[in-house]
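Worksheet: one structure, shown below.
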Number of protein chains: 2
Amino acid sequence: MFYILYMHQTNVKNVDLNLLKALDALLETESVSKAAVLVNLSQPAMSRALNRLQHALKDPLLVRSGRGMVLTPRAEALRAPVREALAQVSSVFTPKVFDPAKAQDHFRIMAPDYLAQTLLPPVLGQLVNLAPGVQIDIENLSASGVQQMCEGHISLGFGVVNDGPVLENVASQALFQDRQVCLMRKGHPLAAKTLSLEDYAGATHALLSITGKGGGRIDDILNEHGLKRTIALRVAHFMTISAVIAPTDLIITVPEMLAAQVMTEDLELVAPPKELGMPHFSVSQIWHQRFTKDPAHQWLRRMIKSACLVQS
Amino acid sequence: MFYILYMHQTNVKNVDLNLLKALDALLETESVSKAAVLVNLSQPAMSRALNRLQHALKDPLLVRSGRGMVLTPRAEALRAPVREALAQVSSVFTPKVFDPAKAQDHFRIMAPDYLAQTLLPPVLGQLVNLAPGVQIDIENLSASGVQQMCEGHISLGFGVVNDGPVLENVASQALFQDRQVCLMRKGHPLAAKTLSLEDYAGATHALLSITGKGGGRIDDILNEHGLKRTIALRVAHFMTISAVIAPTDLIITVPEMLAAQVMTEDLELVAPPKELGMPHFSVSQIWHQRFTKDPAHQWLRRMIKSACLVQS
DNA sequence: ATAAAACATGCATTGGATGAATGCAAAGGG
DNA sequence: CCCTTTGCATTCATCCAATGCATGTTTTAT
């Protein structure tokens with residue numbers, strides 16, 4: 001099979017394919033000078049193009065007949081194939097307009113589970129209505145998923161660009177702003193007053209971490225104040241937060257939107273100490289560069305961005 | 001329709017179609033240097049071809065990913081269309097092999113009526129067996145037919161190239177040799193002895209002529225000998241020869257093959273005077289230049305030539 | 001840290017396509 | 001018959017865009 005393909009390529013290897021344009025014009029007009037006008041060449045240039053075609057095709061194609069020319073049978077037989085070839089070539093160079101209603105694209109989307117289960121469902125409900133043929137797989141953020149993102153195997157991801165692993169060859173677009181907040185059980189001793197840095201450091205912490213890392217920035221700041229916190233528990237899935245925080249004295253620092261998802265009447269939300277200096281951060285959609293100009297991908301990104309504007 | 005076609009052409013008007021070859025190689029190898037090898041360019045030249053393709057297609061096509069490249073979705077979608085376009089282009093530049101058994105060609109053949117009714121039927125019987133889909137129209141030689149031959153509307157003709165009207169833009173191939181002979185009624189006074197030039201000139205002549213002209217060469221030679229013949233009758237169709245010669249003293253000078261077709265026991269065949277210096281002449285098949293390289297036409301010509309070799 | 005792999009870019013070269021001018025042939029008209 | 005017009009082919013000079021060599025940059029592997 002590969003060999004056949006190779007032979008196929010060899011066949012036009014030494015052929016100037018731009019001659020196709022001249023050939024089409026010659027077949028249509030049966031005249032050198034008229035064809036020249038049609039493709040914006042001078043008559044002598046078209047005469048020479050005909051000469052080159054005659055050699056390439058080993059056929060006179062157009063034969064002198066008095067003042068004009070007449071097509072050979074080979075030339076006449078070539079009308080349709082040449083036109084079809086040019087149509088094929090033209091379609092290669094003509095960008096296709098993306099039509100969601102007819103699209104059959106398949107997207108793999110990777111998101112932190114709290115976004116996967118909160119932000120995306122309403123967006124996707126809308127997508128399903130507009131683009132019924134489009135298939136979307138949602139996958140939870142994972143360490144191997146981040147690698148696949150960098151290799152271009154994941155269509156779209158969500159996360160904080162400046163936090164977490166360094167992402168290569170990707171582009172991103174901010175969707176909405178978020179901030180870190182502290183969650184603790186209702187009636188926790190620290191819940192009734194403004195949380196100080198010493199109290200924060202002295203508390204026993206749970207950490208939400210997918211990759212087994214994270215939180216280093218908070219610990220750096222505590223270090224700068226000569227403080228150190230104890231991380232007693234690492235949680236990999238946001239749904240377990242309520243179960244481990246509500247019945248204990250553990251506190252956990254998470255994005256506010258995540259906190260909103262796990263909030264129960266057994267939990268209390270407290271602002272973190274101002275000394276931590278934690279600014280708002282952007283949650284972005286992130287994708288590999290190869291998808292930047294893809295019309296389908298662009299459409300999906302626009303949909304998601306719009307949905308975030310509505311919600312925020 | 002024409003307007004649509006024109007727009008279609010404009011679409012690739014400014015596109016270097018030779019980029020198609022580079023594009024196919026890039027899509028296949030997903031590598032600039034490998035594609036370069038495949039199409040016999042240097043790596044920098046292929047890199048620049050990719051650059052031009054990126055602009056033509058407004059898509060990165062291949063995106064850096066570490067040491068290598070990865071295809072954009074647009075590029076992946078282009079694999080099949082590019083291959084198909086190149087297949088179409090290749091078929092344009094690949095001569096088709098003529099297969100008689102499958103051919104559906106239509107030939108218009110023009111011949112003097114004595115050849116049409118004598119030489120061609122056995123040939124055509126064979127053609128019908130070998131190429132059942134081929135359609136052949138036989139037309140008698142006519143003045144307007146000669147004009148159509150020169151304009152390329154007649155596929156093939158038969159005649160004597162150096163005799164008769166001047167034919168433009170045609171090619172020819174000798175089929176067999178013939179000579180002129182005299183036909184006269186049985187018992188004609190000139191039939192019993194060797195025909196002298198004076199006797200030939202003194203006889204009353206009939207002339208076989210399709211165009212109303214002809215025989216001028218014989219009259220020129222008689223002139224050189226101070227002689228002149230009387231042409232009492234012009235006959236346009238060879239089938240009438242017997243009817244006008246047998247019951248009269250008219251004589252007629254015709255090709256030997258024609259004489260063989262009209263010969264009856266009421267006629268006598270006599271050699272013309274040697275002083276007329278009439279050599280053998282070639283009967284040829286004649287065709288317009290535009291058909292010279294046509295495979296179907298070449299096949300037909302070969303068949304007819306072969307049949308003539310067998311018969312002579 | 002160094003070497004290898006792979007693509008991108010700078011620079012000089014050149015071959016082939018091009019148009020203006022001209023030649024040649026056929027047809028049309030006076 | 002002669003002149004004009006039409007239409008393609010060829011000569012000649014020009015030029016420009018594609019090309020390869022050399023080099024730069026980046027990423028990966030050892």
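The values are calculated or read from the model by the stated rules, or taken from the named source; none is laboratory data. Since we're looking at a predicted model, the values are computed, not measured. When we count neighbours, we look across all protein chains shown, and the Cβ atoms used for this are built from the backbone with ideal geometry, even at glycine. Areas reflect the complete protein model, heavy atoms only, side chains present, ligands, DNA and RNA absent. Shrake-Rupley method; radii C 1.70, N 1.55, O 1.52, S 1.80 Å.
The GluC sites (Glu not before Pro) of the stretch B:201-298 that meet both conditions, a loop assignment by DSSP and at most 16 other Cβ atoms within 10 Å of the site Cβ, are B:E265. Provide the net charge surrounding B:E268, with neighbours chosen by a C-beta distance below 9 Å and charges set as Lys +1, Arg +1, Asp -1, Glu -1. Charge balance in the 9 Å sphere: +1.
Inter-copy label distances at A:G66, using a point 7 Å along Cα-to-Cβ, come to 7.1 nm with the shortest given first. In nanometers and ordered shortest first, the copy-to-copy spacing of the B:T94 label point, defined 7 Å from Cα toward Cβ, is 2.6. Solvent-accessible surface of the stretch B:2-93, averaged per residue with a 1.4 angstrom probe and all protein chains in place: 48 square angstrom. Between B:V160 and B:T204, the FRET efficiency estimated from the beta carbon spacing at R0 = 30 angstrom works out to 0.75. As a calculated quantity, the FRET efficiency between A:E84 and B:Q177 at R0 = 60 Å, using C-beta atoms, amounts to about 0.80. Projected over all directions and averaged, the alpha-carbon convex hull of the stretch A:42-156 occupies 13.0 nm².
Our estimate of slack between A:E30 and A:K228, defined as 0.36 nm per intervening residue step minus the Cα-Cα distance, is 62.4 nm. In this assembly of identical copies, the label point of B:V128 (Cα plus 7 Å along Cα-to-Cβ) is separated from its counterparts by 7.1 nm, sorted shortest first. With N counted as the residues of chain B, its alpha-carbon radius of gyration over 2.2 N^0.38 Å works out to 1.66. Of the trypsin sites (Lys or Arg not before Pro) found in the stretch B:217-303, those in coil by DSSP whose Cβ has at most 13 other Cβ atoms within 10 Å are B:K228.
Projected onto the charge dipole of the protein assembly as shown (+1 at Lys/Arg Cβ, -1 at Asp/Glu Cβ, origin at the Cα centre), which of B:H55, B:F93, B:G202 gives the Cα projection farthest towards the positive end? Going by the Cα projections, it comes out as B:H55.
A simple spin-label model places the labels of A:H280 and B:L197 12.2 nm from each other, with each point 7 Å out along Cα-to-Cβ. Once both labels are positioned 7 Å from their Cα atoms along Cα-to-Cβ, the gap between A:K102 and B:V97 label points is 4.0 nm. Only lysines eight or more places from A:K274 in sequence, or on another chain, were considered; those with a Cα closer than 28 Å are A:K186, A:K193, A:K213, A:K228.
Scaling against 2.2 N^0.38 Å puts the C-alpha radius of gyration of the stretch B:2-93 at 1.13. Highest GNM mean-square fluctuation among B:M110, B:M149, B:M69, for chain B modelled with Cα contacts below 10 Å: B:M69. When accessible surface is computed with a 1.4 Å probe, chains B and A are found to bury approximately 5200 Å² between them, both chains counted. In straight-distance terms, cross-link reach from B:K13 covers every one of the aspartates and glutamates whose alpha-carbon lies under 14 Å from its own, apart from those fewer than eight places away in the same chain; here that gives A:D24. Full extension of the chain between B:A77 and B:M239 gives 51.2 nm of extra length, using 0.36 nm per residue less the Cα-Cα distance. Between B:N40 and B:Q54, the modelled label-to-label distance comes to 2.8 nm, taking each label 7 Å out from Cα in the direction of the beta carbon.
With respect to the axis relating copies A and B by rotation, the chain A residue whose beta carbon is closest, plus that distance in Å, is A:L17, 2. For the stretch B:240-304, the alpha carbon positions stretch 50, 28, 17 Å along the principal axes, listed from largest to smallest. Each distinct pair of alpha carbons in the protein assembly as shown adds a 1/r term; the inverse of their mean, the Kirkwood radius, is 33.0 Å. Summing Cβ point charges (Lys, Arg +1; Asp, Glu -1) relative to the Cα centre of the stretch B:2-93 gives a dipole of roughly 240 debye.
Placing +1 on the Cβ of every Lys and Arg and -1 on the Cβ of every Asp and Glu, with no other charges, gives chain A a dipole of roughly 1660 debye about its Cα centre. Among the trypsin sites (Lys or Arg not before Pro) found in the stretch A:118-208, those both in a DSSP coil and sparsely packed, with 14 or fewer other Cβ atoms within 10 Å of their Cβ, are A:R179, A:K186, A:K193. Applied to the stretch B:176-182, the Karplus parametrisation 6.51 cos²θ - 1.76 cosθ + 1.60 on θ = phi - 60° returns per-residue 3J(HN,Hα) values of 7, 8, 9, 8, 8, 9, 9 Hz, with x for Gly and Pro.
The GNM of chain A, with springs linking C-alpha atoms under 10 angstrom apart, assigns the highest mean-square fluctuation among A:G68, A:G159, A:G133 to A:G68.
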